[in-house]
Amino acid sequence: MRSLFRKIFPVIASIIFILSDTVFAMPEILPLEQVQSGMHGVAHTIVDNSGVIETFDVEIIGLMDNGKGSTKMIMARASGDVINRTGGILQGMSGSPVYVDGKLVGALAAGLKEMSPYTFFITPIESMLRLWEMPDEKGLNPYAKHNHQATDQEINLNDIVQRDEILLPDEILEVEPQTSLIFSGFDSAGLNFLRGQFEFAGFNNFLAASSTGTGNSLKFDATLNPGSAIGVAVVCGDFLVGATGTVTAVDGQRILGFGHPFTHAGNVNFFMTDSAVIGSVSGENGSGVKISSVGNIIGRINQDREAGVAGILGTFPSVVPISVTVRDNDLNVTDTYNATIAYNENLIAKLGASIAYTALSKTADSLAESTVSVDFSIDTNVVEGGKLSRSNIFYNASDVGQVAIVELLNALNLICSNTTTESNIFGINVNLTRDAERKTASLVSVTPDRKNAKPGETINLTVTYQPYRQPIQTVIIPYTIPILRQIGPMALDVHGGSLVPVTNQNVNTITPTTVTPEQAYNEKIRNLITAGKNNQIVVDIGNAPSNLSERERQRELQRIRKLQEKLRREGNQNIRIANSRVDTDYIIDNVIQVIINVDKP
C-alpha cells in the first residue's frame with residue numbers, strides 16, 4: 001500500500017515458511033478457572049548473553065480482580081537458582097511463559113513497584129489468545145479472515161466463578177509492567193525532545209542503550225520459541241525506539257508476547273524484531289533490568305493491547321523512510337542520518353520531528369544562539385506531483401532546534417489528519433544548515449514611489465532593513481493594487497513572513513459559497529505550502545479607517561459587486577487578496593505600515 005514492504009515481503013515470507021520444516025504449535029493451556037493457589041510451576045526466559053532459555057520456579061499465590069471490565073491476573077512468587085542470580089524479577093522478563101504441569105497458564109507481566117522483587121503477576125493465556133482473533137485493518141494478516149471456532153480450552157472470563165481471588169484496588173497496589181523502552185541513536189537533548197512529544201502508555205522506565213544491530217536487516221527465516229527474547233520497535237535504523245520482552249506462545253507464524261501493552265494502541269503496524277540479551281543488572285525492590293538489544297526485523301506486530309502484543313513472523317509492516325542531512329557551517333561538518341518509521345498516523349509526525357531534532361543536535365553539538373535553514377520535502381499523495389516541499393529559516397538564542405522543526409511537525413500532522421481519506425506518506429527528506437550567528441533584521445523604513453494609485457496599478461516600495469550588527473540594506477518591492485479594492489485610504493503592512501497582520505475586512509474576494517471537507521483540507525495544504533517565510537519581506541493589505549460617507553461606501557460596494565459578477569462570467573473564480581514577497585538572508589522581526597490613497601478607476 002505504502003511501500004514494497006507490504007507488496008513484496010509477505011509473498012517471499014510465505015514461500016519461506018512453506019519450505020520450512022519447523023512449525024511450532026500451541027501447547028495445552030491451563031484455564032484460569034482451574035488455577036489454584038498453592039500450585040507450582042516453572043517460567044521460561046533468557047537472562048544472559050548465552051541465549052539459553054532457562055527456567056525458574058513459580059508458586060501461585062492467588063487471583064487478582066480489579067473489577068468489571070478489567071483483566072484478571074494471577075499473583076505468583078518466583079524462586080530458584082535463576083532468580084537468585086538475577087536478584088528477582090527483572091524488567092524485560094515480561095512475556096515469559098508460565099507452565100503448571102506442562103500446561104500454559106499465561107505470561108509474566110508485572111511486578112510490585114518498590115516492593116518485593118520476587119512477587120509478580122501473570123496475564124492469563126485466555127486473555128492473550130484473543131489477540132489473534134482481533135481485526136487487523138492495518139495489514140495483510142492471513143489470520144484476520146480466519147473464522148476461528150472456540151475450543152474447550154478457550155474460556156469466557158465473564159462466566160468464570162471467582163475463587164481464591166485477592167481483591168487489591170489500583171490505588172492500594174501499584175503494579176508496574178516489566179518492560180523498559182529502549183532508545184538508540186538519541187543524545188540527551190533528543191531524548192528529552194522525544195519524551196516531550198509523547199509518552200508511551202504503561203511505561204515509566206526509559207532505558208537509553210546501544211543496540212548491537214542497526215535494526216535495518218530483514219530476516220525472513222526467523223524462528224522463535226516460548227521464552228525467547230523479542231523486540232517491538234516503531235523506528236529502526238540510525239535511530240531506534242522500541243522495547244524488548246519475552247515470547248509467551250508460538251503457533252506457526254503467529255506469536256504472543258509481553259503480557260501487557262507496548263503503546264496500548266490496538267491494531268498497529270510495528271516492527272517485530274529478534275533480540276539478544278546482553279546481560280542483567282540487579283536492583284533493589286524490583287528495579288533490576290534485563291538489558292537486551294533490538295535486532296533484525298523478523299515480522300510485524302499487529303496487535304498492541306491490554307493483554308500483550310501479537311504479531312506474525314515473515315509479514316512486514318508498511319514503512320516511511322526518513323533521511324536527515326545536517327550541515328554545520330561553523331564546525332565544517334556534514335552528517336546524514338537514515339531511519340525507517342513503522343507507518344502509524346499517530347506517531348509519524350512525532351517521531352519524524354524527533355529524529356530531525358536529534359540529528360541537528362548531534363551534528364551541531366550546540367543549538368544555542370544559532371540560525372538554522374530548513375528545507376524539507378515529503379513524498380505524499382496529498383499534492384499534485386507527489387511532493388510537499390517547504391523551506392524556511394529560524395533563529396533562537398537558547399535552542400534553535402525547538403523552533404526549526406515546528407513546520408515539519410505541522411506538515412506531517414496535517415497530512416495525517418485528513419478526515420475524508422487516508423493520505424499516504426512515502427518518504428521524508430530533511431536538510432538542515434546551521435550557522436553559529438544571529439541572522440535577524442529589523443525593518444527601518446518603507447517609502448512608496450507615489451501616494452496615489454488606482455485599482456490594478458503597481459507602486460514600488462523602497463524598503464530598508466537593518467541586519468543584526470550589519471550595514472543597512474535596501475530592496476525595492478513592487479505591489480499591485482487589487483482590482484477589487486474600494487477607493488479611499490488603503491493600509492499596507494510590510495512585515496516578516498512569519499508575522500501575519502490582520503487583513504482588512506473590506507477587501508472582497510470571490511470564494512465558493514459552500515466548502516466541502518475535501519476543499520477545506522486542500523486549502524490547509526495550500527496555506528502550509530504558500531505561507532510566508534521568516535526571511536521574507538511581505539507586503540499585505542492591513543486595516544485603515546475609511547474616509548467615505550455611508551452613501552459613497554454603498555456605491556463603492558455596488559461597483560465592486562458588479563465587477564465581481566463580470567469576473568465570474570469571464571470564468572475568473574479565484575481572485576485573492578494580493579501580496580508581494582521578497583526573500584532575504586535574514587529573519588525579519590517587525591512590521592511597518594504605510595498608507596496609499598486608492599483613486600477612482
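The values are calculated or read from the model by the stated rules, or taken from the named source; none is laboratory data. Quick caveat: nothing in here was measured; it's all calculated off a predicted structure. Reconstructed Cβ throughout: ideal geometry from the backbone, glycine too, with neighbour counts over all protein chains shown. These area figures cover heavy atoms from the full protein model, side chains too; ligands, DNA and RNA do not enter into them. Shrake-Rupley method; radii C 1.70, N 1.55, O 1.52, S 1.80 Å.
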request  = Figure the gain on full extension for residue 219 and residue 413 (residue separation times 0.36 nm, minus the Cα-Cα span) and round it to one decimal in nm.
outcome  = 66.6 nm
ask   = Heavy-atom accessible area of residue 444 with all protein chains present, probe 1.4 Å, nearest 10 Å²?
value = 80
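Considering only protein heavy atoms, with the full assembly of protein chains and a 1.4 angstrom probe, order 73, 128 by accessible area, largest first. All intermediate terms of the calculation are to be shown ahead of the outcome.
On the way: 73 30, 128 0 Å².
Order by accessible area, largest first: 73, 128.
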note = Simple SL model, points at 7 angstrom along Cα→Cβ for residue 527 and residue 437; separation in nm is 3.6
task = Kindly sort 118, 337 by accessible area of their heavy atoms, largest first, with the probe set to 1.4 Å.
result = 118, 337
request  = Take the Cβ-Cβ distance between residue 59 and residue 195 as r, set R0 to 25 Å, and report the resulting FRET efficiency rounded to the nearest 0.05.
outcome  = 0.05
message = Sort 416, 236 by heavy-atom solvent-accessible area, probe 1.4 angstrom, most to least.
response = 416, 236
task = For region 463-490 and region 343-421, write down the distance between their C-alpha centroids in whole Å.
result = 30
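May I ask you to derive the FRET efficiency for residue 402 and residue 449 from their Cβ-Cβ distance with R0 = 41 Å, giving the value to the nearest 0.05?
0.50
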request  = Extending each Cα 7 Å along its Cβ direction at residue 52 and residue 590, get the distance between those two points in nm, one decimal.
outcome  = 7.6
key: Part-to-part distance (alpha-carbon centres) for region 427-448 and region 69-99, which is given in Å   = 56
query = Simple spin-label model, 7 Å along Cα-to-Cβ: residue 476 to residue 551 in nm?
reply = 4.3
